[in-house]
Structures are given as structure tokens and as C-alpha cells.
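Asker: Attaching a single structure in C-alpha cells format; questions to follow.
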Amino acid sequence: MPDNSLSIRPRWTDSRVLKAARREPVDRTPIWLMRQAGRYMPEYRAIREKTTFLGLCKNPDLCAEVMLTAVDRLKVDAAILFADLLLILEPLGLELEFSANEGPVIHNPVRRPEDVDRLRELTDLEPLSYVMEAVRKTRAGLPDELPLIGFAGAPFTLASYAVEGGTSRSFRHTKALMYRDPGAWNALMGRLSRAVALYLNAQIDAGAQLVQLFDSWVGCLGSDDYRRYVLPHSRSALASIRPNAPVIHFATGNPALLPLLSEAGGHVIGVDWRIRLDDAWQALGHQKAIQGNLDPAVLLARPDEIRRRAREVLEQAGGRPGHIFNLGHGVLPQTPVENVVALVEAVKG
Ligand code: CP3
């Protein structure tokens with residue numbers, strides 16, 4: 001009988017990123033970069049001149065074009081959906097705007113327990129259908145051997161925007177709600193966690209091969225608060241993700257949280273530069289794959305220094321299966337494109 005298994009097994013199944021996520025050996029460490037498509041890239045800025053950021057996010061053709069251009073220019077090993085973390089807040093009833101100088105603004109933030117009740121439960125993804133369309137179009141334009149990563153904000157990071165009304169340093173409104181009204185806090189986090197699970201599964205159904213949960217700002221919490229106020233909600237979101245797609249669980253700011261992040265879930269744990277990669281892996285145990293962890297500011301250095309620092313990260317990974325090279329956070333807008341290319345070449349070489 002003819003063996004058809006090769007023709008029906010999609011080529012991305014054996015991509016380096018998916019193999020590393022499964023902790024299988026690879027011939028070289030795979031690399032992709034958070035914010036690999038963004039303002040540091042002239043092609044991106046040219047597209048952005050023609051439309052607002054939200055207008056871009058809601059145009060699936062342009063989203064696919066932006067990401068495919070970046071992947072082609074950088075020769076990275078994966079694409080990530082071009083979208084924004086905060087889009088999911090709109091169908092919950094929050095009024096989102098991206099202003100040129102202040103970044104994201106929510107005009108009707110959640111401050112009191114009554115505001116939590118006002119939020120809608122996300123049951124229908126129709127208002128976010130443009131995101132699934134962007135997944136389909138990006139997947140259709142990508143070479144078969146490259147996986148597409150879907151993503152969402154983790155409940156805490158989404159809650160921080162919903163409560164603060166924008167980016168924050170102190171997170172005082174968020175913590176005030178959490179400490180004063182744990183009932184309202186848990187209701188908010190539950191609503192976000194269910195929305196995130198639904199949203200990520202829809203991205204998987206639309207064509208994403210793995211997903212990343214961004215808990216970008218949870219490092220403002222200590223371990224006890226993470227365990228009490230965040231872990232149960234991140235865990236329930238992650239437990240609902242379809243088992244066919246590996247999950248990257250990413251946070252920044254507080255390496256002491258790493259074992260708890262891992263306990264909440266995820267096949268791959270995303271780590272920033274505040275801890276050495278080998279120490280992070282030690283803290284997580286080698287049953288988990290790891291993603292990271294070059295400081296994005298290193299990309300502002302000269303190429304020889306970038307190559308040296310990339311080598312250091314690879315040395316700390318020590319050739320163990322299960323390392324996906326990335327930055328510890330997104331590419332900075334001031335980064336020269338040729339430095340990003342130099343990093344990708346260094347890791348591949
Ligand atoms: O990684 C990629 O290339 C894919 C696209 C992507 C964007 N945002 C595009 C974007 C992804 C994965 C995100 C995630 C995101 N968005 C996060 C989590 C990751 C992180 O950086 O911690 C967060 C916190 C946001 C919210 C957000 N979006 C902020 C705070 C801002 C303004 C500040 C900034 O860094 O630009 C954005 C805007 C944004 N998201 C831009 C892009 C390309 C720039 C918008 C512009 O063109 O003006």
C-alpha cells in the first residue's frame with residue numbers, strides 16, 4: 001500500500017520551533033523575536049503612514065503583509081500573528097484607543113466592583129473575526145515549514161490595562177481592586193480567563209500551530225500574590241487550550257515567579273534577561289522547554305557585541321533540547337534592522 005502519511009503530515013509539524021516546544025532535538029536552535037514586525041522596520045512604517053494602528057489591526061490583508069514581510073526580511077523560524085494584545089477588550093465593552101504619544105488608552109476603565117459587572121462575557125467571537133481572518137491569511141502566505149504563533153494577553157496583564165486605563169508603572173489601581181475587593185477581582189479575572197481561552201482556541205482553529213500567552217506586567221507582583229490572585233486564572237485559561245497546540249507562557253520582570261508560571265501551565269516558559277538562562281532552566285526543571293532571553297537593548301550595540309551576547313545565551317542553554325531563542329521582551333523601536341538580521345544570522349550560524 002502506498003504510504004500517504006508524508007503528504008498529509010504538514011511540514012510545520014517537524015519545524016525546529018515545534019520540535020523545540022516538544023523538547024525534541026533539533027539541528028540548530030530556532031529563533032523568532034517578539035515584536036519582529038514593528039516600528040523599527042521601514043516597511044512597517046510605510047504601511048502605518050497610510051492607516052492608524054487600530055485600522056491596521058482590523059485589516060487582515062495588511063496584517064498578513066506586515067508579518068510576512070518581516071519573516072522574509074529577517075529569515076526567522078516562526079511568524080507571530082500581527083494583532084494587538086488589547087483588541088479582545090473591545091467586545092467586553094471597553095473603549096480602546098491608541099494615541100500617538102500615550103500608547104493605548106481605555107476611556108472607560110474598570111475601577112469599582114460595579115464596573116466589573118458592566119463588562120460583557122465574551123461568548124461570540126464575531127467581533128474579533130478580523131483576527132481569525134488575519135490568522136488564515138498569514139498562514140496561507142507562509143512557507144509550509146514555518147509555524148504560525150497565535151497569542152493573547154494573560155488575564156493579569158489584560159486586567160492591568162482594563163483597570164489602569166493604559167500602561168502603568170505602579171499598577172496601583174489594579175492592586176487596589178485586587179486587595180480591596182477580591183470578589184470583584186476574581187470575577188474580572190474569571191471573565192478574562194474564559195475570554196482568552198475562547199480566543200486562543202479560535203486562533204488555533206483558524207490556523208495557528210502554537211500560541212503564546214503574554215503576562216507582560218505580572219512581574220510587578222510578589223510570589224504570594226501571584227499564587228493567590230493570578231495563578232488559578234492563568235491555569236484555568238491554559239487548561240482549556242486545545243492539546244494539539246503547544247503553549248508558550250511568557251512573563252517579564254520577576255524571575256522569582258518562574259516556577260509558579262510553570263505550575264500555572266505552558267509547555268514552553270518565556271524568560272526575560274533578569275535571570276541567566278541556565279539559572280532559569282534550573283528553577284523550572286528540565287521538564288519544560290524555555291524561550292529567551294537576550295535583553296532587547298543588546299540590539300542597540302554593535303554587531304560583534306550582539307554576536308558575543310547571542311553566543312552567551314546559547315552557551316547557557318548548553319545544547320539541551322527545548323530552547324527557542326528569543327529576546328526577553330519585544331524589539332525596541334529604535335533598533336537598527338541590520339542588527340536584528342545580525343542576531344538571527346548569529347543564532348543560525
Ligand atoms: O510581535 C509582533 O510583531 C506581533 C504583533 C504584536 C503587537 N503587539 C503589535 C504592536 C504583539 C504580539 C503585541 C503584543 C502586545 N501589545 C503586548 C504584549 C507584549 C509586550 O510587549 O509586552 C502589549 C503589552 C501590547 C499593548 C501595546 N500595544 C502597547 C503598550 C503599545 C504601545 C507601546 C508600543 O510598544 O508600541 C502597543 C502598540 C503596538 N502593538 C505597536 C505594534 C507594532 C506599535 C503601534 C504603532 O505602529 O504605532
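Asker: Hey, any idea what % of the chain's accessible area is carbon plus sulfur with a 1.4 Å probe? Kindly include the intermediate steps, with their values, before the conclusion.
Answerer: Numbers: 7200 of 14870 Å².
Roughly 48 percent of what the probe reaches on the chain is carbon or sulfur.
Asker: Here's another thing I want to ask about it. Can you sort PHE214, PHE98 by solvent-accessible area, 1.4 Å probe, largest first?
Answerer: PHE98, PHE214
Asker: Counting C-alpha atoms alone, how compact is the range 123-186: give Rg to one decimal and Dmax as a whole number, in angstrom.
Answerer: Gyration radius and largest Cα-Cα distance of the range 123-186: 17.3, 50 Å.
Asker: For the range 194-331, what percent of Cα pairs sit more than 28 Å apart? If you can, show how the numbers build up before the last one.
Answerer: Numbers: 1756 of 9453 pairs.
So the portion of pairs separated by more than 28 Å is 19 percent.
Asker: Further, regarding this structure: In the range 58-103, if every C-alpha pair distance is counted and binned at 10 Å from zero, what percent goes to each bin?
Answerer: 22, 38, 31, 8
Asker: Might you work out the accessible area of ARG16 for me, using a 1.4 Å probe with all protein chains in place, and round it to the nearest 10 Å²?
Answerer: 80 Å²
Asker: Here's another thing I want to ask about it. Using the Karplus curve 6.51 cos²θ - 1.76 cosθ + 1.60 with θ = phi - 60°, work out ³J(HN,Hα) for each residue of the range 235-249 in order, rounded to whole Hz, and write x for Gly and Pro.
Answerer: Couplings: 4, 6, 4, 5, 5, 8, 6, 3, x, 6, 10, x, 10, 9, 10 Hz.
Asker: Answer rounded, prolate or oblate for the range 85-202, using the Cα gyration tensor with square roots of eigenvalues a ≥ b ≥ c: rounded when a/c is under 1.5, else prolate when a/b is larger than b/c, else oblate.
Answerer: On the way: a/c = 2.19, a/b = 1.77, b/c = 1.24.
Cα axes put the range 85-202 in the prolate bin.
Asker: What is the sum of charges around ASP124, taking Lys and Arg as +1, Asp and Glu as -1, for the other residues whose C-beta is under 14 Å from the C-beta of ASP124?
Answerer: Counting the neighbours of ASP124, the net charge comes to -1.
Asker: Can I ask one more? Take SER170 and GLU305, extend 7 Å from each Cα along the Cα→Cβ direction, and tell me the distance between the two endpoints in nm.
Answerer: 3.4 nm
Asker: Could you please put CYS57, CYS220 in sequence from largest to smallest accessible area, using a 1.4 Å probe? If you can, show how the numbers build up before the last one.
Answerer: Working: CYS57 5, CYS220 40 Å².
I get CYS220, CYS57, largest accessible area first.
Asker: DSSP loop trypsin sites (Lys or Arg not before Pro) in the range 259-337 with at most 15 other Cβ atoms within 10 Å of their Cβ, which ones?
Answerer: On the way: sites: ARG274, ARG276, LYS288, ARG307, ARG308, ARG309, ARG311; in loops: ARG274, ARG276, LYS288.
Within the range 259-337, the qualifying trypsin sites (Lys or Arg not before Pro) (loop, at most 15 other Cβ atoms within 10 Å) are ARG274, ARG276.
Asker: Another one. Compute from the Cα atoms of the range 33-74 the Rg and the Dmax, the latter being the longest Cα-Cα distance, and quote both in angstrom.
Answerer: Over the range 33-74's Cα set, Rg and Dmax evaluate to 9.5, 25 Å.
Asker: Pairs of Cα atoms under 8 Å, at least six residues apart: use those to get the relative contact order of the range 50-135, whole percent.
Answerer: On the way: 78 pairs, mean separation 28.5, N = 86.
Answer for the range 50-135 is 33 percent.
Asker: Once you keep just the Cα pairs under 8 angstrom separated by 6 or more residues, what percentage relative contact order results for the chain? All intermediate terms of the calculation are to be shown ahead of the outcome.
Answerer: Values: 653 pairs, mean separation 71.2, N = 349.
Averaging sequence separation for qualifying contacts and normalising by length gives 20 percent for the chain.
Asker: Can you give the log10 of the normalised intensity I(q)/I(0) at q = 0.27, 0.29, 0.30, 0.31 Å⁻¹, computed with Debye over equal Cα scatterers of the range 84-132?
Answerer: -1.08, -1.14, -1.17, -1.19
Asker: Output ³J(HN,Hα) for the range 325-338: one whole-Hz value per residue in order, computed from phi by the Karplus curve 6.51 cos²θ - 1.76 cosθ + 1.60 with θ = phi - 60°, and x for Gly and Pro.
Answerer: Here the 3J(HN,Hα) series is 6, 7, 7, x, 7, x, 4, 6, x, 7, 6, x, 4, 5 Hz.
Asker: Roughly speaking, what % of Cα-Cα pairs in the range 222-268 are separated by over 11 Å, rounded to a whole number? Write out the running numbers ahead of the final one.
Answerer: Details: 715 of 1081 pairs.
It works out to 66 percent of all Cα pairs.
Asker: Turning to a different aspect of this structure: Mind checking the dipole of the range 14-55: about its Cα centre, +1 per Lys or Arg Cβ, -1 per Asp or Glu Cβ, Debye to the nearest 20? List each step's numbers first, then the result.
Answerer: Numbers: 10 positive and 5 negative charges, 30 e Å.
It works out to roughly 140 debye.
Asker: Return the equivalent ellipsoid semi-axes of the range 19-155 as a descending list in whole Å, where each equals the square root of 5 times an eigenvalue of the C-alpha gyration tensor. Numbers along the way, then the final one.
Answerer: Values: eigenvalues 176, 73, 39 Å².
So the three semi-axes of the range 19-155 are 30, 19, 14 Å.
Asker: Can you tell me the 0 to 90 degree angle between the C-alpha axis of helix 182-206 and the longest principal axis of the chain, rounded to 10?
Answerer: Helix 182-206 and the main axis of the chain meet at about 40 degrees.
Asker: Please list, in chain and number order, the residues 5+ apart from ILE80 or on another chain whose amide H is under 5 Å from its amide H, with Hs placed from the backbone.
Answerer: Residues meeting the amide H criterion: ILE149.
Asker: Given a 1.4 angstrom probe, what's the average accessible area per residue across the chain, in square angstrom?
Answerer: 43 Å²
Asker: Name the long-range amide H neighbours of GLN212: under 5 Å, sequence gap of 5 or more, or other chain; modelled H, no Pro or chain starts.
Answerer: Amide H neighbours of GLN212, under 5 Å, 5+ apart: GLY150, PHE151, ALA152, ILE248.
Asker: Still on this structure: With the Cα gyration tensor of the range 135-243 giving a ≥ b ≥ c as the square roots of its eigenvalues, does the rule (a/c under 1.5 for rounded; else a/b larger than b/c for prolate; else oblate) give rounded, prolate or oblate?
Answerer: Judged from the Cα gyration tensor, the range 135-243 comes out prolate (a/c at least 1.5, a/b above b/c).
Asker: Would you grab the residues whose amide H sits under 5 Å from the one on GLY166? Only those 5+ places off in sequence or on another chain, please, with H modelled 1.01 Å from N.
Answerer: Answer set, sorted by chain and number: ILE106.
Asker: Using only protein heavy atoms and a 1.4 Å probe, report how much of ASP144 is accessible, in Å² to the nearest 10.
Answerer: Around 90 Å² of this residue is reachable by solvent.
Asker: From the phi angles alone, apply the Karplus equation (6.51, -1.76, 1.60; θ = phi - 60°) to the range 140-155 and give each ³J(HN,Hα) in whole Hz, x where the residue is Gly or Pro.
Answerer: Values, residue by residue: 5, x, 8, x, 4, 7, 9, x, 10, 9, x, 7, 8, x, 6, x Hz.
Asker: Which sequence of HIS107, HIS329 reflects their accessible areas, 1.4 Å probe, from the largest down?
Answerer: HIS107, HIS329
Asker: Relative contact order (percent) for the range 134-231, with alpha-carbon contacts under 8 angstrom and 6 or more residues of separation? Numbers along the way, then the final one.
Answerer: Numbers: 99 pairs, mean separation 45.2, N = 98.
Taking the mean separation of contacting Cα pairs over the length of the range 134-231, I get 46 percent.
Asker: Sort all Cα-Cα distances of the chain into consecutive 20 angstrom bins from zero, then give the percent of pairs in each bin up to the one containing the longest distance.
Answerer: With a bin width of 20 Å, the distribution comes to 31, 61, 8, 0.
Asker: Rg and Dmax in Å for the range 289-342, alpha carbons only: what are they?
Answerer: 11.2, 33
Asker: Filter the cross-link list LYS19/LYS348; LYS75/LYS348; LYS58/LYS137; LYS19/LYS288 down to pairs whose alpha-carbon distance in this structure exceeds 18 Å.
Answerer: none
The values are calculated or read from the model by the stated rules, or taken from the named source; none is laboratory data. Just so you know, these numbers come straight off a predicted model, no measurement behind them. Glycine gets a Cβ as well: all are built from the backbone with ideal geometry, and neighbour counts include every protein chain shown. For accessibility, only protein heavy atoms count, side chains too; no ligands or nucleic acids. Shrake-Rupley method; radii C 1.70, N 1.55, O 1.52, S 1.80 Å.
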